[in-house]
Structure formats: structure tokens, C-alpha cells
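The numbers here are math on the coordinates, done by the rules we state, and not lab data. The model shown is predicted, which means the values in this text are computed figures rather than measured ones. We place every Cβ from the backbone using ideal geometry, glycine too, and count neighbours over all the protein chains shown.
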Amino acid sequence: MKILFVQGGSRWKYDADGGLYTDSNFSEAVWARYREWGDLTVLLRREDKVYPPREAMERFNRCDTSRMTCLALPDLYRPGTRLLNPRCRRQVRRAIAQAVREADRVIVRSPGNFYTNTALACCRRYRRPYLVEVTGFAWEGSWYHSLRGKMLAPWREMRCRALVRRAPWAVYVTRQALQKRYPCRGRSLGCSDVELAPLDEKVLAARLEKIQAGQDALVLGTAGFLDVAFKGQRWVIEALALLRRKGNTRFRYQLAGSGSGRELLALAQKLGVADQVEILGSLPRERMNNWYDGLDIYVHPSDSEGLCRSIAEAMSRAVPVACSRVGGNPELASPACLFGRRDPAGIAAVLERLADPGVRAAEARRSLEAARAFECRTLDRARNEFYQRFLHDDTTQNSCPD
């Protein structure tokens, strides 16, 4: 069976030797899951920049092109003028249409952009069974992105609701949050896309020992795109400035993720906390656990989330977690460790609370226990059963009626 996977957010990245990579959203373990179900073709947009091989290996996840077909389409969003170019749009439409025609089943992840919306339209036109993976909130993702995003947010929200409502099959990464906003008239499953290995109690023991040992400096961390405003790292930097004015300079903030982070560093310099902020850049997935283990608190201050993978990953390493009260985050974190969207004062208050070793120890225990719901062996069973039904049910309607 030929399976086409379409996602318009992530981009293929190439090195000078022709090696192919993705950002941290995808890994070999993720692709292996889809390959189990058939001959896999993955369609993403292509990043124009070509990386030195060593830099690419250090920053991104290598893709095994011998085990699946990789289609790289022009990036219509960078630069944005390409989206206004009829020839570029036509080229992308034709490539997507051909890929859909050649597929037996189509999986569309994160609907709401030109690539995914075109793929869904082609699925209906060519009567290809399709499944939608719902990973985030369209309104917030647009509204907190830019001025242009604010103008497009109402249309994107309505469009996303309509697309998911018509889908014959849908998988949500949350238990409730996304389902309430984007109900599906077809068959659906709530199942996180987090990939956690079986948890080890030794991780908790090491964490508690680290907390008990005590240290003057506490290391905070956030994983997320560095040059995307709605990821919210600036609010943590502003919280550090608030704490510094109160005489509290014990926090150090590490930022992992794709991008330069120049604006964040400039903000830290302006607020007088540059000595507390460190940009690490993108880390390969195999290095993430070591990074989480070095943190004292994981902070996720984003304006919008579905169900955040990095929060679950941090919890699997028994890291106390503080995060914004958005999307599926309240399904993960302790209520006492939630703060409002774009709320530096709220972040500062939560950090002051977590500075207490006893509180961190309690949150470490809670984190590991909450992460058990995301172990592979727990999720894979439900996910595989649902996808197998999608792949082999020839009675499925191409789309549900409006």
C-alpha cells in the first residue's frame, strides 16, 4: 500500500553532500512508525539554505532516504513573495496533485497551510481516503505570529474547523482540548504523538539526588523555534529581569531550537540579563535527554500549543515543569505550575515557587508519573489499531458531509 504523508510546517534540510534532514519534530522513530503501514512517501517544503555536513549532523535529525521517498517542494512562505507568484503556486499544486493520485491512502498533518489544504482538496477530488492529524490551534498560531497573521486568523480558524469537521478520520494529539475546538464527524482518536521509551525509576532517583545536593544557580530550559514570536521565550527573559530587580539572579536560561535567537539575545542585553541567557541552537534528538537531565526546571511559555512534545519529554526525565495555560498544557502540568499567556510576572512567581527544593522534588515525582501515559507501549497499541482500521477499511467515505 502506498501511503502519502503531507505536512507544510516543517522543511527538508540538505547538507552540501546531499544528505537530508528534518528538524526535531520528526525523527527516525517517527518515520519508522509510518513505514510499518506501507510504502511511505513524505512531502514537505524544502529549505533553500544548504548546510555544511558537520553542522547539519549536529543540529538536525538525519533522514534515511533509502527507506522512503522524500518529495521536496518549493517553500512558498520563505520568502513570502513566492506565495503571491502564480507560477510557484501552480508548481506546488501540480506536484501535490500527482502525489495524491499515486497514493492509496493520504495522511495530512497539521491542516491549515497551503500544502495541507491543497492535499485535502486533491484527496476529495481524486477520491483518496485520508486521515487528518490535528496538532495545534489555528487561531492562536496565526494571531500571535504577526500583524498579517492577525488579519488571517479568523479565516484560518474557520477553514481549519471545516477541514477537520469533514475528515472521515482524525487523530488528535490531546485528550480533550483540540477535540472541543475542532470536532470531527468521522472516526477519531485522541493519542499523543510523543515518543517516550519505557521510563526508568533511576531517572527519578538521580533527579532527587540532584535536588538534594543543592546549588546556587538553577538552570531553566525551553525547547522551541527561536525566531518565532509565539513560542514565548521573550516572556521568560522578561521574568528574569523582574526577578533581577528583586535581587534574585540565581536562574540561568538555556534555549534550544532552530533559528538564530538574535532578537532574544538583544532583548536580554536590553533588559540587563544577557549573562543569564544562553542560546544553544538546534539539538539532535539523541542529545535531548542529556540536556533535559542538566535542567532544574523546564519552562514552556508559548502562546499556543496542541499537546507539547517537549513538555512530555522533560517530564519523562523527572524535570519539574512550568508552562503557559494554553491548549493541551493543562492536561500535562500541575495547576500550581501554570501561568497566563504572555505573563512575565506569573512566570516569575512560578519560578520563585519552584526554587524551593521541596517543591521541585514533589514536582519531579509528579512529572515522571504523568509521563507514564506517554510511553510508547501505552500509545502504540491504540494508535496502531486506529491507523490499521483507516488503512484497511475500504468502506470509508472520502469525506463527511457538511
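Applied to region 63-77, the Karplus parametrisation 6.51 cos²θ - 1.76 cosθ + 1.60 on θ = phi - 60° returns per-residue 3J(HN,Hα) values of 10, 7, 6, 6, 10, 6, 8, 10, 9, 10, 9, x, 7, 7, 9 Hz, with x for Gly and Pro. By other beta-carbon atoms within 10 Å, ranking MET288, MET1 with the fewest at the front produces MET1, MET288. Under 17 Å of direct C-alpha separation, and excluding same-chain neighbours fewer than eight residues apart, LYS49 reaches these aspartates and glutamates: ASP15, ASP17, ASP23, GLU58, ASP75, ASP227.
Each residue of region 348-357 was assigned a 3J(HN,Hα) from its phi angle through the Karplus curve 6.51 cos²θ - 1.76 cosθ + 1.60 (θ = phi - 60°); the sequence is 4, 5, 5, 5, 4, 5, 6, 5, 6, x Hz, with glycine and proline shown as x. Counting only residues at least eight positions apart within a chain, or on another chain, the lysines with an alpha carbon under 25 Å from that of LYS246 are LYS270.
Under a 5 Å amide H cut-off, with hydrogens placed 1.01 Å from N, LEU283 pairs with GLY257 among residues at least 5 apart or on other chains.
Which whole-number value in Å³ per residue fits the convex hull of the alpha carbons of region 178-245? If you can, show how the numbers build up before the last one.
Working: hull volume 12.9 nm³, N = 68.
Given the Cα convex hull of region 178-245, per-residue volume reads 190 Å³.
Coupling constants for region 51-60 follow from the phi torsions by the Karplus curve (6.51 cos²θ - 1.76 cosθ + 1.60, θ = phi - 60°), and in residue order they are 9, x, x, 5, 5, 4, 5, 6, 9, 10 Hz; glycine and proline get x. Full extension of the chain segment joining VAL30 with ARG185 gains 53.1 nm, where the gain is 0.36 nm per residue of separation less the Cα-Cα distance. Packing, taken as the mean count of other beta carbons within 10 Å per residue, orders the peptides 267-276, 74-83 from highest to lowest as 267-276, 74-83. Between ASP380, ASP293, ASP356, the GNM of the chain built on Cα springs shorter than 10 angstrom shows ASP356 fluctuating the most.
Spatial offset of region 51-81 relative to region 216-257 amounts to 29 Å, using the alpha carbon center of each. Between the amide H of ALA170 and those of VAL132, ARG187, SER188, LEU189, distances stay under 5 Å, these residues lying 5 or more places away or on another chain, with hydrogens modeled in the peptide plane. Peptides 234-240, 12-18 ordered by packing proxy, namely the average of other Cβ atoms within 10 Å per residue, highest first: 234-240, 12-18.
Provide the packing ranking of 151-157, 357-363, i.e. peptides ordered by the mean count of other C-beta atoms within 10 Å per residue, highest first.
For the peptides 151-157, 357-363, the packing ranking is 357-363, 151-157.
Look at THR118, THR249 and count the other Cβ atoms within 10 Å of each Cβ; fewest to most, that gives THR249, THR118. The alpha carbon centroids of region 132-168 and region 270-335 are separated by 24 Å. In the list (1) 23.5, 72; (2) 21.3, 66; (3) 29.9, 98, the label attached to Rg and Dmax of the Cα atoms in Å as derived from the coordinates here is (2). Approximating the spin labels as points 7 Å out from Cα along Cα→Cβ, the GLU209-to-ASP48 distance works out to 5.1 nm. Amide hydrogen proximity for LEU71: with H placed 1.01 Å from N in the peptide plane, the residues at 5 or more positions away or on another chain lying under 5 Å are VAL42, LEU43, LEU44.
Treating r as the C-beta distance of ASP39 and ASP380 and R0 as 30 Å, the FRET efficiency rounds to 0.90.
Globularity index of region 201-373 is 0.94 (Cα radius of gyration / 2.2 N^0.38 Å, N = number of residues). DSSP beta bridges fully contained in the chain are about 10 percent antiparallel.
Straight-line cross-link partners of LYS231 among the lysines, defined as a Cα under 17 Å from its Cα and at least 8 positions apart when in the same chain: LYS150. Note on the chain: GNM, Cα springs under 10 Å; of ARG309, ARG101, ARG87, the largest mean-square fluctuation is that of ARG87. By definition, a body whose alpha carbon gyration tensor gives a ≥ b ≥ c is oblate when a/c is 1.5 or more and a/b is not larger than b/c, and region 298-353 fits this oblate description. Normalised by 2.2 N^0.38 Å, where N is the number of residues, the C-alpha radius of gyration of region 130-234 stands at 1.49.
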